[in-house]
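A.B. asks: I have a structure I would like to understand better, so I am pasting it below and will then ask my questions one at a time.
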Amino acid sequence: MGDVIARTKTGRRWSAFNPLPERINLSTGTMVRVPATRISRAAVALAAVLFFVIGSVSAPTLFTRAAAGGTATSTTDAATERTQLESQLQDLENQINQYEGQVQSYQSQGKTLNGEISQLNAKIAKLNLQIRATNLTIQQLNSQITDTQSQITVTQADIQSKKTAIQGLMNNLYQADHVSLIEVFLKNPRLSDFWSDTQNIALVQSNLRAAVQQITDLQSQLQDQEQQFEASKADAASAAAYQASQAKEIASTKSQKSQLLAETKGQESKYQALLQQTRATAAQIRNRIFQLLGGGQLSFGDAYQYAKLASNATGIDPSFVLAILDHESALGQNVGKCSYKAAMSPANIPLFLALTAQLGLNPDEMQVSCPNADGVYGGAMGPAQFVPSTWNLYSVQVAKITGDNPASPWNNADAFVATALYLKDAMTGCKAVYSALTSQERCTAAKYYAGSRWRNYLWTYGEAVVERAQSFASDIQTIGGTS
């Protein structure tokens, strides 16, 4: 899930910039050394440090795409392009919602041959629009990848230039650190000259420390940019893979339509007979195996009872909760088979160990989600697939609802309720963006999976969950809904 995908800044420092031993401290000792014999060199050093300290630290706001084989593009042009793509996506989404409304309308009218054919036609049109929407999403991601790659190049160059400058300053300070305070005083009989020289060197050292800190900050910025680059590549690959599945779905739906017409020969009576043969019974649905996202399985009847518990506490539709937790809604990703030592972010490990200790569990025996192929941390726990930090946000609320104190991410009832609580919070933000319920659910599911990158997963994970929820809603209606 969005927040499932956990990231941690390592805070790494280059060994070349570890804290330097003190060379000048006018407040202690009697053998303080200052390079007054090299006033001109100190002045040059001071100017260089001030240049790097006062000069630009962050990456420029203008980037080019020449390195990626494209044409130079300003920030303004890139922003205009993003705005245009978002506008096109909004138009496509409105059209998709219209076809979605048609599908739901045909479903509510009851099963007839004409209605089924019309529903399949609307579904085909909807899928074609979804492929176009996915294309636009891939365009956006490719633009992000190119821009981030340019930012990485600029930041790397900035780091190298500051590193070179600091090395030169360190050499100057080292060479000048061989003159005693007495020698300086004798060579500067006027007290004002002596004091000015010592102040200049102190300022050089102060600015040198500031420049070293800037190197550290730039290194952290570079790490963030690299993570963004990898995340965008993973999003683009996911969108491309799902686009291929959308094309297959269109072919399957067309085949389903042709087969239906061939078997019924356009006759309503034959369609109704065929429908009766293929309709699942309530008993079959109840006993169907429900695969949990984080591993494990339940009967569909038991899973529905947990989903109702979660729904009663949060107002989130049971079918939507089930779709999120269903193994098949995770874009085919298999999770929950790794050790926390190999998969979890360093920041989450202490929380995980505290949680397992509180629950009386052996942390080495509890499996969590594996890292992504792009190197992003795993470490998500149980059916809800929460990382420890996210679980801690909801555990108290979960305990109040289920009565399990402490609540456990590996307990089915607790996991179902935690999922619904998270969905409720995410839905609040989505309602501010979308008015249609289907769009709100698509947005909410995408946030559950990808967090702040949710817009990249509207037509992949988000749409998959919405379709799965609609299927579960039909199953729930068959088994009685309130049973």
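A.B. asks: Run the simple label-point estimate for ASN135 and ASN312 please: 7 Å along Cα→C-beta, distance reported in nm.
C.D. replies: That separation, rounded to one decimal, is 4.9 nm.
A.B. asks: Which cross-chain or sequence-distant (5 or more) residues have an amide H under 5 Å from the amide H of SER299, H modelled 1.01 Å from N in plane?
C.D. replies: Those qualifying (amide H under 5 Å, at least 5 residues apart or on another chain) are PHE290.
A.B. asks: Using θ = phi - 60° and the Karplus curve 6.51 cos²θ - 1.76 cosθ + 1.60, what whole-Hz ³J(HN,Hα) does each residue of the stretch 86-91 get, with Gly and Pro shown as x?
C.D. replies: 5, 5, 5, 4, 5, 4
A.B. asks: Take each of the peptides 350-358, 308-316, average the number of other beta-carbon atoms within 10 Å over its residues, and list them starting from the highest.
C.D. replies: Going from most to least packed, we get 308-316, 350-358.
A.B. asks: Which semi-axis lengths, in whole Å and largest first, follow from the square roots of five times the eigenvalues of the Cα gyration tensor of the stretch 280-478? Working shown, then result.
C.D. replies: Values: eigenvalues 129, 78, 55 Å².
The three semi-axes for the stretch 280-478 are 25, 20, 17 Å.
A.B. asks: I need the phi-derived Karplus couplings for the stretch 230-235: 6.51 cos²θ - 1.76 cosθ + 1.60, θ = phi - 60°, integer Hz, Gly and Pro marked x.
C.D. replies: Computed from phi, the couplings for the stretch 230-235 are 5, 5, 5, 5, 5, 5 Hz.
A.B. asks: Then there is this: Pull up all non-local amide H partners of ASP326: gap of 5 or more, or a different chain, and H-to-H distance under 5 Å with H placed in the peptide plane.
C.D. replies: Amide H neighbours of ASP326, under 5 Å, 5+ apart: LEU293.
A.B. asks: Order 376-382, 292-298, 160-166, 432-438 from most to least packed using the mean count of other Cβ atoms within 10 Å.
C.D. replies: Details: 376-382: 24.9, 292-298: 18.6, 160-166: 15.6, 432-438: 13.6.
The peptides rank, most packed first, as 376-382, 292-298, 160-166, 432-438.
A.B. asks: Starting with the fewest neighbours, write out ARG442, ARG468 ranked by other beta-carbon atoms found within 10 Å of each beta-carbon.
C.D. replies: Arranged by neighbour count, lowest to highest, ARG442, ARG468 become ARG468, ARG442.
Any read-out appearing in this document is the output of simple, stated calculations on the displayed coordinates, not a laboratory observation. On a predicted model such as this, the values are computed, not experimentally measured, just so you know. We place every Cβ from the backbone using ideal geometry, glycine too, and count neighbours over all the protein chains shown.
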